[in-house]
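First the structure, in the form of structure tokens, and then the observations on it.
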Amino acid sequence: MQTSATPVFDAIASGPSTGSPTTYGAAHGAGPLASIAPGVAFFDFDGTLIHGDSLLMFIGEVIGRNRARLAFLDALRSGLHRHARGRGPGVDFPGSVKTILLRRTLRGVPLADALAAAERLVHRIRWHAPLVETLKMHRREGRRVVVATGALDVYMPALLRGLEVDDLLATGMEVEDGALTGRLCTGNCVRLDKLERVRGWIAANGPFGETWGYGNRPSDLPMLSIVDRPTVVKIR
């Protein structure tokens with residue numbers, strides 16, 4: 001039987017793998033006047049808008065929390081061994097651990113089950129209230145808001161539901177015959193990849209009068225280096 005691989009967003013809403021569901025972007029019209037908007041604010045997600053890391057929580061909702069913790073430790077050991085031999089599957093050690101973890105835990109998971117896990121995850125997230133308020137402040141002042149995150153596109157739309165976010169730049173998961181393959185269909189949207197994604201978004205949607213960025217160190221420093229007003233977030 002012939003199969004075809006598509007990004008999660010294509011499977012959900014026939015959208016691009018690096019974009020977002022069709023509801024995103026609806027607050028701003030296209031055309032010449034859109035280019036004179038006051039500005040745009042980019043927000044990291046894990047450790048910036050929320051406490052902690054959403055990926056392990058999501059995997060825990062898919063396969064169980066204990067199994068997720070054990071799978072992470074196993075991926076960590078495998079990543080160390082592979083990098084020691086110069087055979088890491090990612091661009092760096094954290095990326096290799098993530099690649100191994102996703103393949104071992106999400107390969108073959110039906111997309112419907114993954115989306116159901118995303119809905120359960122909604123109730124586990126602990127929002128970082130000061131940064132959520134900062135996001136809302138940018139919206140009130142007429143700026144566009146973009147979330148740029150290494151988190152997966154399969155669950156981020158559910159978590160952002162209710163926030164006025166114009167666009168989502170996330171790590172894309174590949175879907176084949178209605179199931180996740182465990183492989184990425186985009187770059188891992190962290191560090192230098194996030195920098196390039198944000199730079200490309202500005203080029204495609206700008207120019208903007210001013211740009212803001214919010215993220216944590218060290219992974220978001222590249223992105224923060226290209227905005228006019230960078231803020232390093234430290235959740236205590």
Looking at the stretch 66-91 only, could you name the residues that are modelled with pLDDT under 80 and closer than 23 Å to Tyr155 by Cβ? Pro89, Gly90, Val91
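What number of residues within the stretch 111-138 satisfy the criterion of being touching a helix residue (DSSP H, G or I) at 6+ places or on another chain (Cβ under 9 Å) and in contact (Cβ under 8 Å) with a residue 40 or more places away in the chain?
Total meeting the criteria: 10.
Suppose the filter is open to solvent by less than 10 Å² (accessible area, probe 1.4 Å), of a type in the set (D, E, K, R) and at pLDDT 95 or above; does Asp153 pass it? Full working, then the answer.
Details: open to solvent by less than 10 Å² (accessible area, probe 1.4 Å): yes; of a type in the set (D, E, K, R): yes; at pLDDT 95 or above: yes.
Judged against the criteria, Asp153 is a match.
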When the stretch 61-98 is examined, which residues are found to be under 16 Å from Arg183 (Cβ atoms) and free of Cβ contacts under 8 Å to residues at least 12 places away in the same chain? Gly88, Pro89
Inter-residue pairs, beta-carbon under 8 Å, first over 15 Å from Ile100 (Cα atoms) and in the stretch 175-187, second assigned to a strand (DSSP E or B) and of a type in the set (Ser, Thr, Tyr), 6+ apart: Val175/Thr6; Val175/Thr181; Glu176/Thr6; Thr186/Thr171
Taking Pro89 and the conditions (1) open to solvent by less than 60 Å² (accessible area, probe 1.4 Å); (2) assigned to a helix (DSSP H, G or I), which numbered condition does it fall short on, given that it satisfies the others? (2)
The stretch 156-168, residues that are closer than 11 Å to Phe43 by Cα and crowded, with 22+ Cβ neighbours inside 10 Å: Val165, Leu168
Residue count, the stretch 106-146, condition within 16 Å of the chain's Cα centre (by Cα) and either under 30 Å from Glu210 (Cβ atoms) or polar (S, T, N, Q) (or both), comes to 4
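Filter the stretch 169-192 for residues that are acidic (Asp, Glu), open to solvent by 50 Å² or more (accessible area, probe 1.4 Å) and at negative phi and give the result. Steps first, please.
Step one: filter the stretch 169-192 for residues acidic (Asp, Glu), giving 174, 176-177.
When the remaining residues are screened for being open to solvent by 50 Å² or more (accessible area, probe 1.4 Å), the result is 176-177.
Hit for the stretch 169-192 is Glu176, nothing else.
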Boolean, Arg69 is more than 19 Å from Ala118 (Cβ to Cβ), open to solvent by 10 Å² or more (accessible area, probe 1.4 Å) and touching a Gly at 6+ places or on another chain (Cβ under 6 Å): no
For the stretch 209-227, which residues satisfy the criterion of being touching a Gly at 6+ places or on another chain (Cβ under 9 Å), in contact (Cβ under 8 Å) with a residue 40 or more places away in the chain and either surrounded by fewer than 19 Cβ atoms within 10 Å (Cβ to Cβ) or in a strand (DSSP E or B) (or both)? Gly209, Glu210, Thr211, Trp212, Gly215, Asn216, Ser219
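Here is a check on your reading of the model: is Thr149 touching a residue at least 40 places away in the same chain (Cβ under 8 Å), more than 11 Å from the chain's Cα centre (by Cα) and on the phi < 0 side of the Ramachandran plot? Quick ask: steps written out before the conclusion?
Details: touching a residue at least 40 places away in the same chain (Cβ under 8 Å): yes; more than 11 Å from the chain's Cα centre (by Cα): no; on the phi < 0 side of the Ramachandran plot: yes.
So Thr149 fails the test.
Give the residues of the stretch 197-225 that are hydrophobic (A, V, I, L, M, F, W, C) and within 26 Å of Trp127 (Cα to Cα), sorted by residue number. Show your work before the answer.
Taking the stretch 197-225 and keeping what is hydrophobic (A, V, I, L, M, F, W, C), we get 198, 201-204, 208, 212, 221, 223-224.
Across the stretch 197-225, the qualifying residues are Val198, Trp201, Trp212, Leu221, Met223, Leu224.
Just checking, which of Val198, Val233 is among the β-branched types (Val, Ile, Thr), open to solvent by less than 30 Å² (accessible area, probe 1.4 Å), at pLDDT 95 or above and within 20 Å of His51 (Cα to Cα)? Break it down stepwise before answering.
Details: Val198 fails: within 20 Å of His51 (Cα to Cα).
Just a single option satisfies the conditions, and that option is Val233.
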Apart from one, (1) of a type in the set (A, V, I, L, M, F, W, C); (2) open to solvent by less than 50 Å² (accessible area, probe 1.4 Å); (3) farther than 28 Å from Asp166 by Cβ; (4) modelled with pLDDT under 95 all hold for Ile63; the odd one out is (4)
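The values are calculated or read from the model by the stated rules, or taken from the named source; none is laboratory data. Computed from a prediction, not measured in an experiment: that's the story for all the values here. Reconstructed Cβ throughout: ideal geometry from the backbone, glycine too, with neighbour counts over all protein chains shown. SASA here: full protein model, heavy atoms, side chains in, ligands and nucleic acids out. Shrake-Rupley method; radii C 1.70, N 1.55, O 1.52, S 1.80 Å.
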